[in-house]
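Got a structure here, written out as structure tokens. Questions coming.
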Amino acid sequence: VAHELKTPLALVRSYAEGLSEDIAPEKREEYLSVIVEESDRMAALVGSLLDLSRLESGRARFQPVPVALDQVVRDVLRPLEHPARKKGITLSLTLEPCTLSGDREQLTRLVGNLASNALRHADSGGTVQVSLEKLGHRARLTVYNDGPNIPSEDLSRLWEPFYRADPSRSRDSGGTGLGLAIVWKTVEAHGGRCWAENRPVGVAFVLELPI
């Protein structure tokens, strides 16, 4: 956590000091923009830390209600269509109607984390495919992106907080480093399981929840 906060804190201080000096007026907007952006990044990190802490301690509010998971997926993916188009990424949905008992807010965050992760790692001009199917008494959600494969020894560690399979991938790629850890704990709280697997091209994140 200290490592993740160190850089944005240093940037905020540096640019704030710059504003306190007699800098050129045309640079003030640029400096303020950096401060706001880094503050938002720290706020997102702290928010994710609180979510993960509640899930790990069992203090997360869990109010199971009937949830149409296919509709949740559509609602989450709709606002992501524009940033996907800007990156040249094709979003593909194949959703079987599926209703299960769960916490709508937590499941919405779960789908959002998986979708955002897929968009960050998909190649420009590539594809993100999301599918939902019923397998007996289980619902299987698969989120696939056609980015680079992940070393097999790293697949099981992707769910650890702040773990990066590619050490060269910096926080500048977006995200807080906690999204997949939150997914794991949310699936666990709903009595399900999840895993990541390499495909001939790309990587798929798969989760199964009881219906």
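So how far apart, in nm, are the two label points at Val206 and Arg120 if each is 7 Å from Cα heading toward Cβ?
About 2.4 nm separates the two model spin labels.
If only Cα atoms are counted, what is the Rg of the stretch 19-75, and what is its Dmax, in Å?
According to the Cα coordinates of the stretch 19-75, Rg and Dmax are 19.9, 59 Å.
Compute the length gained on full extension between Glu30 and Gln63: take 0.36 nm times their separation in residues and subtract their Cα-Cα distance, giving the result in nm to one decimal.
7.5 nm
Counting only protein heavy atoms and a 1.4 Å probe, tell me what percentage of the stretch 67-211's accessible area is made up of carbon and sulfur.
In the stretch 67-211, the share of accessible area belonging to carbon and sulfur is 50 percent.
Nearest-5 percent of antiparallel DSSP beta bridges in the chain?
80 percent
How many angstrom lie between the C-alpha centres of the stretch 176-196 and the stretch 92-128?
Computed from Cα coordinates, the inter-centre distance equals 13 Å.
For the chain, report the accessible area per residue in Å² (1.4 Å probe, heavy atoms, rounded to an integer).
Ligands and nucleic acids excluded, the figure is 55 Å² per residue.
I've got another one for you. Could you report the accessible area of Ser156 in Å², rounded to 10, computed with a 1.4 Å probe on the protein chains as they sit in the structure?
Estimated to the nearest 10 Å², Ser156 gives 90 Å².
Find the Cα radius of gyration of the chain, compare it with 2.2 N^0.38 Å by division, and give the number to two decimals.
Normalised by 2.2 N^0.38 Å, the Cα Rg of the chain equals 1.13.
While we're looking at this one, here's another question. Suppose we take every Cα in the stretch 67-138 and form the convex hull; what volume per residue is that in Å³?
Taking the convex hull of the Cα positions in the stretch 67-138, it is 78 Å³ per residue.
Report the net charge of residues surrounding Gly147, where surrounding means a beta-carbon distance below 9 angstrom and charges are Lys +1, Arg +1, Asp -1, Glu -1.
Once all neighbours under 9 Å are counted, the net charge is -1.
Next question, about the same structure. Just to make sure I understand: if all protein chains stay in place, what is the order of Glu105, Glu26, Glu4, Glu96 by accessible area at 1.4 Å, largest first?
Largest accessible area first, the list is Glu26, Glu105, Glu96, Glu4.
What distance in nm separates the two pseudo spin-label positions at Glu96 and Asn149, each 7 Å out from Cα along the beta-carbon direction?
In this crude label model, Glu96 to Asn149 measures out at 2.8 nm.
Expressed as a whole percentage, what fraction of the accessible surface of the stretch 1-56 belongs to carbon and sulfur atoms when a 1.4 Å probe is rolled over the protein heavy atoms?
Using a 1.4 Å probe with all protein chains present, the stretch 1-56 comes out at 55 percent carbon and sulfur.
Could I ask something else about it? Determine by what factor the alpha-carbon radius of gyration of the stretch 58-100 differs from 2.2 N^0.38 Å, reporting the quotient.
In units of the globular-protein estimate, the stretch 58-100 measures up at 1.54.
The values are calculated or read from the model by the stated rules, or taken from the named source; none is laboratory data. No experiment lies behind these values; they were computed from the predicted model shown. All Cβ positions, even for glycine, are placed from backbone atoms using ideal geometry, and neighbour counts span all protein chains on display. Ligands, DNA and RNA are excluded from the accessible area calculation, which covers all protein heavy atoms including side chains. Shrake-Rupley method; radii C 1.70, N 1.55, O 1.52, S 1.80 Å.
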